[in-house]
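As structure tokens, the structure follows; a few thoughts come after it.
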Amino acid sequence: MRNLLVEASRRPEIRYLVFGGLNTAFSYGLYAIALLILDAWGVPADYAIAITFSWIVSNLTSFVLQRHFVFRGTGHPFREFVKFTSVTLGSFLANLAMSWFSASVLGFDSAMEKLVSQLIVTAILVIVTYALHKSFSFRNAGAAPAGMVAVEEDHAPDDEQSEPHRE
């Protein structure tokens, strides 16, 4: 069992599930508390305010966890933070758009419906942001993009590497 855990901890996908899951639960908890308070007060666009609040608070926490424990970033911390935040800002804007769609177009107006909708939106965005962080935020400057494989040139045997034949 210990070997299985050690082997699993070597995979960034597993580390992302663990540490990203912890941060996602933290962020969702912030969202839920803010949404329920704002809903009780009758604040319009309560979901947008709650999403903004949870994103602002959890972005730094997420960066620290993912940089150190998931992707083991080795680049300049400020540059990685800027790239990380550009990805999470895109995720934040997508979250707002999808939440607006579910509330305004699909009619999910109750607090409970917004909580469930946010779970679905979060599941979608977790997958997208993992791929973007792996291939952009924490990719080493000299590394090939994720999914790219280096191809070695095929060299002829030593006896064929003499001067080219001229006619």
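Name the single residue that is nearest to residue 39 (Cα to Cα) among those in the range 87-108 being surrounded by 13 or more Cβ atoms within 10 Å (Cβ to Cβ) and either of a type in the set (S, T, N, Q) or free of Cβ contacts under 8 Å to residues at least 12 places away in the same chain (or both).
If we take residues in the range 87-108 being surrounded by 13 or more Cβ atoms within 10 Å (Cβ to Cβ) and either of a type in the set (S, T, N, Q) or free of Cβ contacts under 8 Å to residues at least 12 places away in the same chain (or both), then 108 is nearest to residue 39 (Cα to Cα).
Please list, ordered by first then second residue, the pairs with beta carbon atoms under 9 Å, 6 or more apart or interchain, first in the range 70-81 and basic (Lys, Arg), second part of a helix (DSSP H, G or I).
These pairs meet every condition: 72/12; 72/15.
Take the residues in the range 21-50 that are under 18 Å from residue 125 (Cα atoms) and hydrophobic (A, V, I, L, M, F, W, C); name whichever of them is surrounded by the fewest Cβ atoms within 10 Å (Cβ to Cβ).
25
What are the residues in the range 59-81 that are crowded, with 16+ Cβ neighbours inside 10 Å and closer than 18 Å to residue 15 by Cα, if any?
59, 62, 63, 65, 66, 67, 69, 70, 71, 73
Quick one: would you say residue 70 is of a type in the set (Val, Ile, Thr) and under 13 Å from the mean Cα position of the chain (by Cα)?
Answer is yes for this residue.
Filtering the range 6-20 down to residues that are surrounded by 10 or more Cβ atoms within 10 Å (Cβ to Cβ) and out of contact with any helix residue (DSSP H, G or I) (no Cβ under 7 Å at 6 or more places or on another chain), which residue is farthest from residue 63 (Cα to Cα)?
It comes out as 7.
Taken together, the values in this text are just the output of simple stated rules run on the coordinates, not laboratory data. Just so we're clear, the structure is a prediction, and the values are computed from it rather than from any experiment. A quick note on method: Cβ atoms are made from the backbone with ideal geometry, for glycine too, and the neighbour counts reach across all protein chains shown.
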